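Presented below is the structure to which this report refers.
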Amino acid sequence: MSLVNDIVYLYTILLVIYALLSWFPGGYDSAIGRFLRKICEPYLSLFDHLNLSLGPINFNIAFAIIVLQLAVQALSRIIIAIF
């Protein structure tokens, strides 16, 4: 289970970096930005229909991170309960 937690932690960091790139013009066009788009956008596209925006600020990534963390915690509890 530790490996799963480590992978989710790393993915969460990548999601945060992806969100921070939106602050920089052309951030998504850099090599790191293109890499993060390939990694992050498939998961983030699951939350596109929610439209969690407040003015110019979009909270979809924050919500996606919360859902990811809750899912890992639930999975961890289920695995602990089974074994």
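The values are calculated or read from the model by the stated rules, or taken from the named source; none is laboratory data. These numbers were taken from a predicted model, which means no experiment stands behind them. For neighbour counting, all protein chains shown are included, and Cβ atoms are generated from backbone atoms with ideal geometry for every residue, glycine included. For the accessible areas, the whole protein counts, side chains as well, though only heavy atoms, and no ligand, DNA or RNA atoms are used. Shrake-Rupley method; radii C 1.70, N 1.55, O 1.52, S 1.80 Å.
For the reader, a short list of remarks on this structure follows.
- Taken over the stretch 37-60, the criterion of being more than 16 Å from residue 9 (Cβ to Cβ) and in a helix (DSSP H, G or I) is satisfied by 37, 38, 41, 42, 44, 45, 46, 47, 48, 49, 50, 60.
- Of all the criteria given as (1) of a type outside the set (Phe, Trp, Tyr); (2) under 15 Å from the mean Cα position of the chain (by Cα); (3) over 30 Å from residue 81 (Cβ atoms), the one not satisfied by residue 5 is (3).
- Restricting 33, 55, 27 to those that are on the phi > 0 side of the Ramachandran plot and either free of Cβ contacts under 8 Å to residues at least 12 places away in the same chain or of a type outside the set (S, T, N, Q) (or both) reduces the list to 55.
- Every residue from the stretch 58-83 that is among the aromatic types (Phe, Trp, Tyr) and either touching a helix residue (DSSP H, G or I) at 6+ places or on another chain (Cβ under 7 Å) or touching a residue at least 12 places away in the same chain (Cβ under 8 Å) (or both): 63
- Members of the stretch 39-60 that are open to solvent by 70 Å² or more (accessible area, probe 1.4 Å) and either within 30 Å of residue 78 (Cβ to Cβ) or in contact with a Lys or Arg (Cβ under 7 Å, 6 or more places away or on another chain) (or both): 41, 42, 46, 48, 49, 59
- Only a single criterion out of (1) small (Gly, Ala, Ser); (2) in contact with a strand residue (DSSP E or B) (Cβ under 9 Å, 6 or more places away or on another chain); (3) under 26 Å from residue 79 (Cα atoms) is not satisfied by residue 64, namely (2).
- Scanning the stretch 3-25 for residues that are more than 17 Å from residue 35 (Cα to Cα) and open to solvent by less than 80 Å² (accessible area, probe 1.4 Å) gives 4, 5, 8.
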